[in-house]
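In what follows, a single structure is set out as structure tokens and then discussed.
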Amino acid sequence: MRTTSQADGVVAMGEGSIAQAFTMLYIFMLAAIAGHVIISRVPVILHTPLMSGSNFIHGIVLVGAMVVLGHADTTLEKAIGFVAVVLGAGNAAGGYVVTERMLEMFKPSRKPGAADGPGKPADEASAAGKRKGDR
């Protein structure tokens, strides 16, 4: 009759952990390949609008990083959580900046001497008949 020792339990637990790690690695690799295939088929002209339209995902990532940081116990966990919050905030803010610049490209240019509205003077570039970047 064989009795189970503590060492047998560790080996069995280790084998399960290895199988679980390979399963997670498999899922990660499938997601990476699927993401690469999908993104590579998006035309270049649509890439920026699609990415800027997904800024809400960056906000969700930021909220998740803040929740994880709130549950951190060790100094290492807090440091990693802080870096995650900083990077997530930078990613979200950068996405909105890119969106703003992209939308600026689609605004109609003003005609020389045209005012912004009743009682508002035209800016100096419009009054001089110049566009941004002209010297």
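The values are calculated or read from the model by the stated rules, or taken from the named source; none is laboratory data. The structure displayed is predicted, hence computed values, not measured ones. We place every Cβ from the backbone using ideal geometry, glycine too, and count neighbours over all the protein chains shown.
Quick rundown of the values:
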item: Any hit, segment 116-125, residues being surrounded by 12 or more Cβ atoms within 10 Å (Cβ to Cβ), outside any helix (DSSP H, G or I), at pLDDT below 70 and among the hydrophobic types (A, V, I, L, M, F, W, C); result: yes
item: Count of residues meeting criterion [of a type outside the set (A, V, I, L, M) and closer than 14 Å to Ile57 by Cα] in segment 78-95; result: 5
item: Qualifying residue in segment 74-97 (condition: in a loop (DSSP other than H, G, I, E, B) and either farther than 22 Å from Ile39 by Cα or among the small types (Gly, Ala, Ser) (or both)); result: yes
item: Members of segment 37-71 found to be more than 23 Å from Ala92 (Cβ to Cβ) and in a helix (DSSP H, G or I), listed by number; result: Val37, Ser40, Val44, Ile45
item: Criterion violated by Val63 - all others in (1) assigned by TED's automatic domain parsing to the domain that holds Gly88; (2) modelled with pLDDT under 65 satisfied; result: (2)
item: Condition met for Leu76 (at pLDDT below 90 and assigned by TED's automatic domain parsing to the domain that holds Tyr96); result: no
